[in-house]
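Enquirer: Here's a structure for you.
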Amino acid sequence: MKTTNEVSIKNEWDIVAARQAGREAAKRLEFGIVDQSRITTAISELARNIYLYALPGKIVIEEIHKNNRNGLRIVAKDKGPGIEDIRKALEDGYTTSGGLGAGVPGVKRLMDEFEIDSAIGVGTEVTAVKWLK
Amino acid sequence: MRIPILKMYDLLLVSIQVELDDISALELQEDLLNKIHETTAKGVVLELTSMEIIDSYIARILGEIVSMAELMGTKVVLTGIQPAVAITLIELGIHLKSANTALDLEKGIEILNDIY
Ligand SMILES: Nc1ncnc2c1ncn2[C@@H]1O[C@H](COP(=O)(O)OP(=O)(O)OP(=O)(O)O)[C@@H](O)[C@H]1O
Ligand SMILES: [Mg+2]
């Protein structure tokens, strides 16, 4: 059984592919229906951000096992322009594209652990983890 | 994939049964507004029971459909949003406050019939 799954993001349909891969992984780990929805939605937000702002990029979905705990780690990696002000991007409603500005702060709330690493001109890496309770 | 829009008396009915990608969502928005214009429907029910995920993009499109239809003089009711989807939307910070909602299709139709 594959415990790591990579989906490269090039177009709108890859966003659907990424969230379907996330849903499958979440089901396999026996996450409840609400956590499945949280995980799938978080992946959708991160994949769309890559598609909109930072092509090329990919979503890596990885099962993790640590201290008798199981979880799912989502890593969104891109070689886009980077995020200038990460603190702003974390604010509800901050958008440079006429969106709702809900994506980044939303993912942080939906998942248990959340980290952004970004460098101008180099790219962005967002890591988010959900633990099975 | 184009999502079918059914006409029932003076209402339009859309049941989203497929995984909605961004392009299909935009097409639905456009098709629905055209259909409202063609049929002068007094109300629209958007049945969302089968939707397993609504992210910020889809939520924005749904909200826009509600506002645009309203501007044309037609009410939209969103029905059947699943508990897991409702929880996720609120945690995302999306409240869809301007939208009429109902627990199921029948109640959605009742709301539209009560308004007019
Ligand atoms: N991977 C990325 N690379 C570069 N900039 C990014 C990236 N992800 C997000 N951003 C920037 O951060 C801002 C906030 O992102 P966020 O996802 O919160 O909102 P949004 O995409 O604008 O709207 P929404 O997600 O609600 O549709 C974006 O407008 C964009 O400027
Ligand atoms: Mg976004």
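Enquirer: Return the percentage of antiparallel bridges among DSSP beta bridges fully within the protein assembly as shown, rounded to the nearest 5 %. The partial results should precede the final answer.
Expert: On the way: 34 of 47 bridges.
The antiparallel fraction comes to roughly 70 percent.
Enquirer: For the protein assembly as shown, what is the accessible area per residue in Å² when the probe is 1.4 Å?
Expert: Heavy-atom SASA per residue in the protein assembly as shown reads 49 Å².
Enquirer: Let me ask something else. Got a number for the accessible area of B:E106? Probe 1.4 Å, square angstrom, nearest 10.
Expert: 140 Å²
Enquirer: Suppose only helical runs count, i.e. DSSP H with n ≥ 4. What mean residue ellipticity at 222 nm does that imply for the protein assembly as shown under -39500 (n - 2.57) per run, divided by all residues and rounded to the nearest 500 deg cm²/dmol?
Expert: On the way: 8 runs with 106 residues, N = 249.
Estimated from H runs of four or more residues: -13500 deg cm²/dmol.
Enquirer: Can you give the convex hull volume of the alpha carbon atoms of the stretch B:13-58 per residue, in Å³? Intermediate results must be reported in sequence, preceding the final value.
Expert: Details: hull volume 3.4 nm³, N = 46.
In the stretch B:13-58, the Cα hull volume divided by residue count equals 74 Å³.
Enquirer: Determine the alpha carbon to alpha carbon distance for each of A:K10/A:K130; A:K58/A:K133; B:K75/B:K107; A:K88/A:K133; A:K10/B:K35; A:K10/A:K66 and list only those over 21 Å.
Expert: The pairs that break the limit, which is 21 Å between Cα atoms, are A:K10/A:K130; A:K58/A:K133; A:K88/A:K133; A:K10/B:K35; A:K10/A:K66.
Enquirer: Expressed as cubic angstrom per residue, what is the convex hull volume of the alpha carbon set of the stretch B:64-116?
Expert: Values: hull volume 3.7 nm³, N = 53.
So the per-residue hull volume is 71 Å³.
Enquirer: Helix B:22-39: angle to the longest alpha-carbon principal axis of chain B, degrees 0 to 90, nearest 10?
Expert: Helix B:22-39 sits roughly 20 degrees off the main axis of chain B.
Enquirer: Moving on to the next point. With θ set to phi - 60°, apply the Karplus curve 6.51 cos²θ - 1.76 cosθ + 1.60 along the stretch B:91-101 and write out the HN-Hα couplings as whole Hz, x wherever there is a Gly or Pro.
Expert: 5, 5, x, 10, 10, 6, 5, 7, 8, 6, 9
Enquirer: A further question follows. When a/c reaches 1.5 or more, the comparison of a/b and b/c decides; with that in mind, is the protein assembly as shown rounded, prolate or oblate per its Cα gyration tensor? If you can, show how the numbers build up before the last one.
Expert: On the way: a/c = 2.21, a/b = 1.73, b/c = 1.28.
Prolate, because a/c is 1.5 or more and a/b exceeds b/c.
Enquirer: Restrict the search to the stretch A:8-106; then list the GluC sites (Glu not before Pro) that DSSP places in a loop and that have at most 16 other Cβ atoms within 10 Å of their Cβ.
Expert: On the way: sites: A:E12, A:E24, A:E30, A:E45, A:E62, A:E63, A:E84, A:E91; in loops: A:E30, A:E84, A:E91.
Of the GluC sites (Glu not before Pro), the ones in loops of the stretch A:8-106 whose Cβ has at most 16 other Cβ atoms within 10 Å are A:E30, A:E84, A:E91.
Enquirer: A further question follows. Taking the 0 to 90 degree range and rounding to the nearest ten, how far is the long axis of helix A:12-28 tilted relative to the main principal axis of chain A, both from C-alpha atoms?
Expert: The answer is roughly 30 degrees.
Enquirer: What's the angle, to the nearest 10 degrees (0 to 90), between helix B:105-115's Cα axis and the longest principal axis of chain B?
Expert: Result, in degrees: 50.
Enquirer: Same structure again: When the convex hull of the Cα atoms of the stretch A:88-133 is projected onto a plane and the area is averaged over all directions, what value comes out in nm²?
Expert: On the way: hull surface 14.8 nm².
The Cα convex hull of the stretch A:88-133, projected and averaged over all directions, gives 3.7 nm².
Enquirer: Give me a single rounded figure for B:66-73: the average over its residues of other chain Cβ atoms within 10 Å of their Cβ.
Expert: On the way: counts 0, 0, 0, 0, 0, 0, 0, 0.
Shielding by partners across B:66-73 averages 0.
Enquirer: Along each principal axis of its Cα atoms, how long is the stretch A:4-131 end to end? Whole angstroms, biggest number first, please.
Expert: 38, 26, 24
Enquirer: Hey, another quick one. Could you tell me which of rounded, prolate or oblate describes the stretch A:1-47, using a ≥ b ≥ c as the square roots of the eigenvalues of the alpha-carbon gyration tensor, with rounded for a/c under 1.5 and, failing that, prolate when a/b is larger than b/c and oblate otherwise? Provide the component values of the computation, followed by the final result.
Expert: Details: a/c = 2.81, a/b = 1.39, b/c = 2.02.
Because a/c hits 1.5 or more and a/b fails to exceed b/c, the stretch A:1-47 counts as oblate.
Enquirer: Per 5 Å bin, what is the whole-percent P(r) computed from every C-alpha pair distance within chain B?
Expert: The percentages, shortest bin first, are 2, 12, 24, 28, 21, 10, 3, 0.
Enquirer: Note down the relative contact order for chain A as a percent, whole number, built from C-alpha pairs under 8 angstrom at least six residues apart.
Expert: On the way: 273 pairs, mean separation 32.6, N = 133.
Normalised by residue count, the contact order of chain A is 25 percent.
Enquirer: Something else about it: Counting only C-alpha contacts under 8 Å and six or more residues apart, can you give the relative contact order of the stretch B:27-116 as a whole percent? Walk me through the numbers before you get to the answer.
Expert: Numbers: 102 pairs, mean separation 30.5, N = 90.
Dividing the mean separation by the residue count of the stretch B:27-116 yields 34 percent.
Enquirer: Rank B:G93, A:A42, B:G73 by how far each Cα sits towards the positive end of the charge dipole of the protein assembly as shown (+1 on Lys, Arg Cβ; -1 on Asp, Glu Cβ) and give me just the farthest.
Expert: With unit charges placed on the Cβ atoms, the residue in question is A:A42.
Enquirer: Using a 10 Å Cβ count of at most 13 others and DSSP loop calls, identify the longest part of chain B lacking such trypsin sites (Lys or Arg not before Pro).
Expert: Details: sites that count: B:R2, B:K97.
Maximal segment without exposed cleavage sites: B:3-96.
Enquirer: For A:Y94, B:Y116, B:Y9, give the ranking by accessible area with the largest first, probe 1.4 Å. Walk me through the numbers before you get to the answer.
Expert: Details: A:Y94 90, B:Y116 115, B:Y9 190 Å².
In descending accessible area the options line up as B:Y9, B:Y116, A:Y94.
Enquirer: If you count the DSSP beta bridges with both ends in the stretch B:5-105, what percent of them are antiparallel, to the nearest 5? Spell out each step's value before the answer.
Expert: Working: 3 of 16 bridges.
Percent antiparallel among DSSP bridges in the stretch B:5-105 is about 20.
The values are calculated or read from the model by the stated rules, or taken from the named source; none is laboratory data. This structure is a prediction, so every number in the text was calculated from the model and none was measured. Here Cβ is always computed from backbone atoms with ideal geometry, including for glycine, and neighbour counts include all displayed protein chains. Quick note on the areas: whole protein, heavy atoms, side chains included, nothing else; ligands and nucleic acids left out. Shrake-Rupley method; radii C 1.70, N 1.55, O 1.52, S 1.80 Å.
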